[in-house]
1. How large is the charge dipole for the stretch A:2-215, taken about the Cα centre, if only the Cβ atoms of Lys, Arg (+1) and Asp, Glu (-1) carry charge, to the nearest 20 debye?
2. Just flag the trypsin sites (Lys or Arg not before Pro) in the stretch A:140-197 sitting in loop per DSSP whose Cβ has no more than 15 other Cβ atoms within 10 Å.
3. Could you please state, rounded to a whole Å, how far the C-alpha centre of the stretch A:122-178 is from the C-alpha centre of the stretch A:28-42?
4. Obtain the radius of gyration and the Kirkwood radius of chain A from its C-alpha atoms and give Rg over Rh.
5. Quickly rank A:32-44, A:159-171 as a protection proxy: mean count of other C-beta atoms within 10 Å, highest first.
6. To the nearest 20 Debye, how big is the dipole of the stretch A:51-168 about its Cα centre, given +1 on the beta carbon of each Lys and Arg and -1 on that of each Asp and Glu?
7. Take each of the peptides B:68-80, A:140-152, A:88-100, average the number of other beta-carbon atoms within 10 Å over its residues, and list them starting from the highest.
8. Could you name the aspartates and glutamates whose alpha carbon sits less than 15 Å from that of A:K96, not counting residues in the same chain fewer than 8 places away?
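Throughout, read-outs are computed from the coordinates displayed, never taken from laboratory work. Source: prediction; values computed, not measured. Please note: Cβ atoms are built from the backbone with ideal geometry, for glycine as well, and neighbour counts cover all protein chains shown.
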Amino acid sequence: MWIFLVTEVLFFGGMFLTYTINRHQYFTAFGIGSNTLDIKLGTINTGVLILSSLTMAMAVWSAQVGKKGLVTGFLIATLALGTVFLGIKVVEYKQKFDHHLIPGHGFDVWYQVDNTKPETEMGKKLLEDEREELHKATLSDPDIQSHAQLYFSLYFAMTGLHALHMIVGAGLLIWLIKLSMRGRFTPQYNTPVEIVGLYWHFVDIVWIYLFPLLYLIDRHR
Amino acid sequence: MVIFFALIAGTTVTVLAAFQNFGQFNIVIALGIATAKATLVVLYFMHARYSPRRTQLVIVCAVFWLAIMLALTLSDYQTRQQHLSRIVPPAALYRA
């Protein structure tokens, strides 16, 4: 299993490399793109995923000491948290569609600023700040529309690949829960739980890196 | 359990730190915290600390090969004269 995870490290590593090179090249557009992401949802999702890693570790531990009821319980908890993560991701993807931030014909970094109607004074001020940021960004990078699309292509490729791994993990968990309900896991035989556990933690680690790189790179302005 | 709270604390710190400006150290701080969190997950959640030597060797190899890939490719890009965007033909060419 560890050997498989090594290949996965290099697989995701390639995407991180692509991201780094492009970000270095077009850092203004990447900053603008990053700041449109919803930091609240991103942070909640990070917490949810870390919690699911904890329940997974607890499931492995329960299997090793032979507490059969607990194994099933912790596996179901892990599956539930994984599903919550994917659900929040769907909400985020939906926002990107609403804000015209899907790479392609309808893409427009200005859409959100031009079409939001702020109700409070605070909201009005924030919107003005955003417009100003975009103006400045356009001055330093005239082709910001296509470079921001590059950011969102990478965003969808990386989070999409991560989500795909989560879906595979959820499938594996359902299989484990079925086995566990039949009482198959004992202190002598628990390798499947342990191996799926390793996989689940790996997916967690990928997110630990994705979160600061995609969500947090340009928040300080 | 302790590890879990350490990870949550790490997440909180990294979000708070992202809103401060440390100049060119922003990325170093963000990735430093991420690496610390990943190390905790590997060592304790994945039991690498209590694993046989062979497993530990495999983990070190993964990091090592990743480092080779990142270091060599980035140094290649850094030392090229050409700007990346100039490799792409201008839009006018493929409209014709």
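1. Working: 15 positive and 17 negative charges, 242 e Å.
With Lys and Arg at +1 and Asp and Glu at -1, about 1160 debye.
2. Values: sites: A:K178, A:R182, A:R184; in loops: A:R182, A:R184.
The qualifying sites are A:R182.
3. The two parts, judged by their Cα centres, are 7 Å apart.
4. Values: Rg = 20.7 Å, Rh = 19.3 Å.
A ratio of 1.08.
5. Details: A:32-44: 17.9, A:159-171: 16.2.
Per-residue mean Cβ counts within 10 Å order the peptides as A:32-44, A:159-171.
6. On the way: 10 positive and 13 negative charges, 190 e Å.
Computed charge dipole of the stretch A:51-168: roughly 920 debye.
7. Working: B:68-80: 11.6, A:140-152: 17.9, A:88-100: 14.3.
So the order, starting with the most tightly packed, is A:140-152, A:88-100, B:68-80.
8. Cross-link targets: A:D38, A:D108.
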